[in-house]
Amino acid sequence: MNLKIVIAVVVIVAALIFGAMSFVESNVEYTDFARAETVAKKVQVKGVWMKEKEASFDASKSQFTFIMKDDNAKEATVVLEGAKPNNFDIATSIVAKGRYHDGAFHATEILTKCPSKYNGDSTAVKKSL
Amino acid sequence: MVGAVIVKLAFAASLFSVLCYAAHYRNYAPRFQVIGRYLYFLAAAGIVGAAGVHIEHIVTHQFQYYYVWNHSSTDLPLSLLVSTSYAGQEGSFMLWAFYTGILGIFLSRYAMKRNYESELMMVFGSIFSFLLLMLIVKDPFAMVWDVFPNELIHAGALPANGAFLWIDQAKGLWGQVPVEGKGLNPLLQNYWMVIHPQILFIGFTSMSVPFSYAAAGMLKRDYVSWIRAAAPWTIFGAMILGTGIIMGGYWAYETLGWGGFWGWDPVENSSLVPWLVCVASVHTMLSQRRSGAFIKTNFVLSMLCFIMVLYATFLTRSGVLGDTSVHSFVDAGMWVYWMLFAVIVAYAAFGFGLFFTRWKEMPVVPVEHSFFSREFALFLGASALVCISVFVAIGTSAPLITGITQGKPSAVDPSFYVTTTLPLGIFIAILMGAGQLLWWKRSNAKEVLNGLLLPFVLAALLTIAAIVIGAHHLPMIIFILASSFALFANIIIGFKIMKGNPKLAGGSLAHVGIALMFLGFVSSAKYDEKQTLSLEEGRKVTSMGYTMTYVGYHAAERGRFAFTVEVEGNGRSFIVEPVMFQAEDMGLMRSPDVKNLITKDFYLAPVSLESPEESNEREITLHVNETADAGGEKVTYRGYEFSQSAETGNRVAANIDVLRDGKVIRVQVLMLNKRGQLQFIPAVIPGTAVSLAIKSVNPNKTDESKATLSLTVRTPPDPGAPKKRDVLIVEATIKPFINLVWLGTFAMIGGFLITIFRRYQETKK
């Protein structure tokens with residue numbers, strides 16, 4: 001019986017350590033471009049798209065390239081693996097997830113924060129009268 | 001107004017019903033049970049009536065109600081109008097309450113026949129009361145001017161035309177009724193919206209039954225036989241919630257264009273967690289009925305099914321996940337946040353409080369720990385399921401955890417879920433196969449190993465075939481081997497059982513389904529092929545063995561555009577038509593098209609349509625008073641004017657002088673910056689086709705002569721150049737054997753149905 005309890009405890013502890021390690025490893029840290037340049041890990045950076053600067057989609061590589069300014073006003077070129085995301089044009093802020101290397105932030109995913117349909121509704125309600 | 005009153009009355013009836021049932025439980029007169037029952041029926045009738053009123057408001061476009069204005073519009077067809085009733089937060093609580101109310105009627109009849117009514121219905125009724133209370137807090141019947149008093153409440157003269165309603169006729173106050181609503185989110189304008197949420201909420205509702213039965217069992221001091229009555233409902237919950245989850249996945253895959261059926265998104269995860277717990281409890285319930293063990297485990301798991309539903313609701317509805325999900329979760333407000341939080345604490349405290357006070361009374365039956373017993377396999381399987389649910393729950397809660405530990409909420413990468421669940425998935429697959437070959441209590445090791453031989457050989461052959469056609473990652477190969485072992489073991493056993501008594505084959509069939517799904521997951525998600533292609537109109541492009549030709553687009557329903565692509569390959573030709581459209585609030589929306597080719601899916605997701613510029617663009621940069629050539633015109637930069645107002649925001653107007661036929665013409669190009677939204681307003685040089693627009697204004701504070709203006713100059717195209725064609729950019733994906741997932745789903749549902757029937761019949765004995 002004791003042996004069984006020992007085995008059970010070992011299995012549970014091993015599972016917990018395994019889970020905790022995977023969690024820490026895959027937790028995508030929130031940071032800025034300055035720090036993103038120094039770490040090799042996948043990070044996420046919040047900021048805004050510099051709409052007035054050049055942005056382009058390279059169909060042959062399926063890469064969308066644009067300039068983004070983080071919350072500390074540092075600008076960086078972001079290369080997204082994929083097309084321009086939905087809602088990108090109207091997003092008030094964006095979050096890019098990826099790694100910084102070779103002079104650009106290579107994003108695998110971009111989340112867009114849109115002006116909520118539920119805020120600033122007073123203009124919407126005026127429109128619908 | 002009527003609706004809100006009905007909801008309040010239903011809440012009161014439901015609350016008194018709980019009190020009456022509790023009074024009967026506390027040995028007051030038997031008539032309390034009868035009163036409680038009728039009060040419950042009254043409350044259930046109330047929610048049906050309130051839902052009817054709510055739907056009527058939407059169908060008849062009564063935009064004086066905030067919910068109707070906020071989620072509906074006059075251009076929606078009837079089916080979508082009805083689904084609008086649960087598109088918003090308030091409406092989805094109403095759908096949940098609606099199905100809870102109706103399920104409770106069946107449940108009370110069922111429990112009455114099994115002498116469980118008062119105990120069960122006081123717990124279940126309290127859950128129904130909570131949902132009705134939610135509807136009082138998040139009122140779907142709120143008036144639109146409660147939300148916008150400044151814009152819509154007027155006093156004095158009535159409008160000559162336009163709808164209005166009196167608010168206070170004595171004071172002359174009236175509210176203006178909007179003539180149009182904001183409309184339904186375009187992502188939800190789809191037939192899946194009609195069916196998927198209904199199934200999912202019936203699933204959520206079903207999860208409260210095992211909880212109620214567990215609590216009722218403890219209240220009644222019945223630690224054993226409650227399982228018999230609760231089992232069919234628990235299996236029903238597992239079936240219906242499982243169906244809802246897969247359906248959501250199919251919706252995401254087929255219409256929303258997520259590229260796959262599972263994205264480990266918080267919304268998906270939050271229904272997966274209670275489902276895993278529920279499936280685990282189905283197994284431990286089975287075990288308890290056979291051997292008497294797992295008494296405490298069953299109480300805990302049955303209660304967790306519902307507590308996890310509450311936790312999932314909290315995570316996805318309270319706004320705690322914030323920016324970290326692709327779903328934009330509306331911040332529901334402090335009331336909803338604290339109510340959901342309080343209700344988790346309340347039910348956990350009630351359930352586990354009861355559990356620990358009854359702890360010493362519960363009989364203890366030791367678990368059979370022989371490795372060659374089915375009971376032990378079930379124990380391991382249930383543990384693995386719970387373990388997966390814990391990992392998924394932790395991963396989904398990451399924003400909550402990191403918000404506390406790091407101060408900034410951040411999500412985990414989807415790879416977290418794959419890393420943690422894959423080993424457990426392999427383990428479960430092995431148990432699914434081996435468990436079917438084991439007998440209750442103790443099996444003969446030699447006999448078992450003999451039984452394992454045939455399925456193992458078949459699985460090895462299938463795995464070799466998979467390696468030949470392309471599987472190459474070691475963990476995936478092991479997963480394929482384990483899953484196909486589970487598949488063949490269950491097919492072999494299933495046939496043997498089927499020959500004897502088909503009613504007993506439910507378990508095997510459900511396991512065959514799960515094994516097929518596992519194989520489908522690997523083939524379609526791990527070994528898919530994806531290419532981004534530029535399809536120039538009329539030109540053939542060959543990739544991944546298919547020749548694609550974009551032939552043009554045509555208008556589809558409700559302002560959408562379908563892009564026709566002809567595909568040829570493997571001796572077949574077919575047409576796919578992905579859809580794109582511009583949604584008012586949401587930018588460009590894209591929807592893929594899928595062609596099912598039996599052994600694979602051809603999946604084409606649109607990216608964008610690039611129309612070649614029919615004009616030439618050039619950029620020029622000017623200092624103040626500098627002159628340059630712009631499309632053959634002499635233009636001089638004369639500085640800019642800056643102004644600020646609430647109406648236009650920051651406004652920069654650059655003055656340009658054009659010298660034409662000896663005369664100077666002044667044109668102004670504008671740049672507006674309203675709350676960070678930049679807008680450039682170009683100007684056309686009169687008498688020409690040349691247009692100018694600001695590219696950027698670069699002031700220089702120290703030396704004004706160095707300040708510059710960059711202009712974009714557009715000139716008409718060169719008439720001699722060949723006309724360029726549109727280019728459709730698409731993402732083409734081949735998803736091998738994805739049909740295994742759907743086939744497996746049907747097998748799983750079939751297996752569940754057979755088992756429900758069997759367990760239901762047993763409760764009558």
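The values are calculated or read from the model by the stated rules, or taken from the named source; none is laboratory data. Fair warning: this is a prediction, and the values are worked out from it, not measured in the lab. In this analysis, Cβ positions are derived from the backbone assuming ideal geometry, glycine residues included, and neighbour counts consider all displayed protein chains.
Could you please let me know if B:Ile575 is over 30 Å from B:Thr708 (Cβ atoms), among the aliphatic types (A, V, I, L, M) and in contact with a helix residue (DSSP H, G or I) (Cβ under 9 Å, 6 or more places away or on another chain)?
Values: over 30 Å from B:Thr708 (Cβ atoms): yes; among the aliphatic types (A, V, I, L, M): yes; in contact with a helix residue (DSSP H, G or I) (Cβ under 9 Å, 6 or more places away or on another chain): no.
Considered against the rule, which asks whether it is over 30 Å from B:Thr708 (Cβ atoms), among the aliphatic types (A, V, I, L, M) and in contact with a helix residue (DSSP H, G or I) (Cβ under 9 Å, 6 or more places away or on another chain), B:Ile575 comes out as no.
Do we have any residue at all in the stretch A:70-81 that's closer than 30 Å to B:Met580 by Cβ and within 10 Å of chain B (Cβ to nearest Cβ)? Steps first, please.
If we filter the stretch A:70-81 for residues that are closer than 30 Å to B:Met580 by Cβ, which is where we start, we get A:76-81.
Next, only the ones that are within 10 Å of chain B (Cβ to nearest Cβ) stay: A:81.
Scanning the stretch A:70-81 turns up at least one residue that is closer than 30 Å to B:Met580 by Cβ and within 10 Å of chain B (Cβ to nearest Cβ).
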Inset, instruction - Identify the single condition in (1) buried (at least 20 other Cβ atoms within 10 Å of the Cβ); (2) touching a residue at least 60 places away in the same chain (Cβ under 8 Å) that B:Ala384 does not satisfy, given that it satisfies every other one. - result: (2)
Legend entry - Flag if A:Ala8 is at pLDDT 80 or above, surrounded by 10 or more Cβ atoms within 10 Å (Cβ to Cβ) and more than 28 Å from A:Lys113 (Cβ to Cβ): no
Inset, instruction - Test B:Ile195 against the criterion of being hydrophobic (A, V, I, L, M, F, W, C), touching a helix residue (DSSP H, G or I) at 6+ places or on another chain (Cβ under 6 Å), touching a residue at least 12 places away in the same chain (Cβ under 8 Å) and under 30 Å from B:Thr100 (Cα atoms), and give yes or no. - result: no
Inset, instruction - Answer yes if at least one residue in the stretch B:173-191 is touching a Lys or Arg at 6+ places or on another chain (Cβ under 8 Å), among the small types (Gly, Ala, Ser) and touching a residue at least 40 places away in the same chain (Cβ under 8 Å), and no otherwise. - result: no
Legend entry - Meets criteria (modelled with pLDDT under 95 and either assigned to a helix (DSSP H, G or I) or not assigned by TED's automatic domain parsing to the domain that holds B:Ile136 (or both)) for B:Phe32: yes
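Going by what's in this entry, would B:Gly244 be described as closer than 24 Å to B:Val392 by Cβ, touching a residue at least 24 places away in the same chain (Cβ under 8 Å) and in contact with a helix residue (DSSP H, G or I) (Cβ under 9 Å, 6 or more places away or on another chain)? Before the answer, list the steps.
Numbers: closer than 24 Å to B:Val392 by Cβ: yes; touching a residue at least 24 places away in the same chain (Cβ under 8 Å): yes; in contact with a helix residue (DSSP H, G or I) (Cβ under 9 Å, 6 or more places away or on another chain): yes.
Yes.
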Inset, instruction - Looking at (1) within 14 Å of another protein chain (Cβ to nearest Cβ); (2) at pLDDT 90 or above; (3) buried (at least 18 other Cβ atoms within 10 Å of the Cβ), find the lone condition where B:Met432 falls short. - result: (1)
Inset, instruction - Quick one: count up the residues across the stretch A:42-68 that are buried (at least 21 other Cβ atoms within 10 Å of the Cβ), closer than 14 Å to A:Thr108 by Cβ and of a type in the set (Gly, Ala, Ser). - result: 0
Inset, instruction - Look at B:Ala747 and say whether it is crowded, with 20+ Cβ neighbours inside 10 Å and closer than 30 Å to B:Gly494 by Cα. - result: yes
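Residue-by-condition table, conditions (1) closer than 30 Å to B:Glu180 by Cβ; (2) in contact (Cβ under 8 Å) with a residue 40 or more places away in the chain; (3) of a type in the set (Phe, Trp, Tyr):
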| site | (1), (2), (3) |
| --- | --- |
| B:Tyr25 | no, yes, yes |
| B:Leu39 | no, no, no |
| B:Ala43 | no, yes, no |
| B:Val53 | yes, yes, no |
| B:Val68 | yes, yes, no |
| B:Val82 | yes, yes, no |
| B:Phe106 | no, no, yes |
| B:Asn115 | no, no, no |
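Going residue by residue through the stretch B:356-374, is there one that turns out to be under 31 Å from the mean Cα position of the chain (by Cα) and either within 14 Å of chain A (Cβ to nearest Cβ) or at pLDDT 85 or above (or both)?
So the first thing to find is which residues in the stretch B:356-374 are under 31 Å from the mean Cα position of the chain (by Cα), and the list is none.
Checking the stretch B:356-374: not a single residue is under 31 Å from the mean Cα position of the chain (by Cα) and either within 14 Å of chain A (Cβ to nearest Cβ) or at pLDDT 85 or above (or both).
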Inset, instruction - Output the strands (runs of 3 or more DSSP E) that fall wholly within the stretch B:82-196 and possess 3 or more residues being within 14 Å of another protein chain (Cβ to nearest Cβ), or say none. - result: B:173-176
Inset, instruction - Using the structure shown, decide if B:Leu321 is surrounded by 22 or more Cβ atoms within 10 Å (Cβ to Cβ) and at pLDDT below 85. - result: yes
Inset, instruction - Those residues that are in contact (Cβ under 8 Å) with a residue 24 or more places away in the chain and either of a type in the set (Lys, Arg) or under 18 Å from B:Val412 (Cα atoms) (or both), I need them from the stretch A:3-38; list them, please. - result: A:Val28, A:Asp32, A:Ala36
Legend entry - Yes/no for B:Ser591 being in contact with a strand residue (DSSP E or B) (Cβ under 8 Å, 6 or more places away or on another chain) and either at pLDDT below 80 or within 30 Å of B:Phe521 (Cβ to Cβ) (or both): yes
Inset, instruction - Looking only at the stretch A:54-69, decide whether some residue is more than 11 Å from every other protein chain (Cβ to nearest Cβ), of a type outside the set (Lys, Arg) and assigned to a loop (DSSP other than H, G, I, E, B). - result: yes
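Would you say B:Gly125 is of a type in the set (Gly, Ala, Ser), more than 26 Å from the chain's Cα centre (by Cα) and crowded, with 24+ Cβ neighbours inside 10 Å? Steps first, answer last, please.
Details: of a type in the set (Gly, Ala, Ser): yes; more than 26 Å from the chain's Cα centre (by Cα): yes; crowded, with 24+ Cβ neighbours inside 10 Å: yes.
Criteria met by B:Gly125.
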Legend entry - Answer from B:Ser410, B:Ser389 - the residue that is surrounded by 20 or more Cβ atoms within 10 Å (Cβ to Cβ), farther than 24 Å from B:Ala510 by Cβ and within 14 Å of chain A (Cβ to nearest Cβ): B:Ser410
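From the list A:Lys42, A:Lys126, which residue is facing another protein chain (nearest Cβ under 10 Å) and at pLDDT below 80? Reasoning before the result, please.
On the way: A:Lys42 fails: at pLDDT below 80.
The match here is A:Lys126.
Test B:Gly181 against the criterion of being crowded, with 21+ Cβ neighbours inside 10 Å and either among the polar types (S, T, N, Q) or closer than 30 Å to B:Phe236 by Cβ (or both), and give yes or no. Break it down stepwise before answering.
Working: crowded, with 21+ Cβ neighbours inside 10 Å: yes; either among the polar types (S, T, N, Q) or closer than 30 Å to B:Phe236 by Cβ (or both): no.
The answer is no for B:Gly181.
Return the residues of the stretch B:43-73 that are in a loop (DSSP other than H, G, I, E, B) and within 14 Å of chain A (Cβ to nearest Cβ); say none if nothing qualifies.
At the first step, the residues of the stretch B:43-73 found to be in a loop (DSSP other than H, G, I, E, B) are B:60-64, B:72-73.
Of everything in the stretch B:43-73, those that are in a loop (DSSP other than H, G, I, E, B) and within 14 Å of chain A (Cβ to nearest Cβ) turn out to be B:His61, B:Gln62, B:Phe63, B:Gln64, B:Ser72, B:Ser73.
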Inset, instruction - Write out, first by first residue and then by second, each pair whose Cβ atoms fall under 6 Å of each other, whose residues are 6+ apart or on separate chains, and whose first residue, in the stretch B:270-291, is closer than 16 Å to B:Met748 by Cβ while the second is of a type in the set (Ser, Thr, Tyr). - result: B:Leu276/B:Ser389; B:Val282/B:Thr234
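Going by what's in this entry, would B:Phe574 be described as away from every other protein chain (no Cβ under 14 Å) and at pLDDT 90 or above? Walk me through it before giving the result.
Numbers: away from every other protein chain (no Cβ under 14 Å): yes; at pLDDT 90 or above: yes.
In short, yes.
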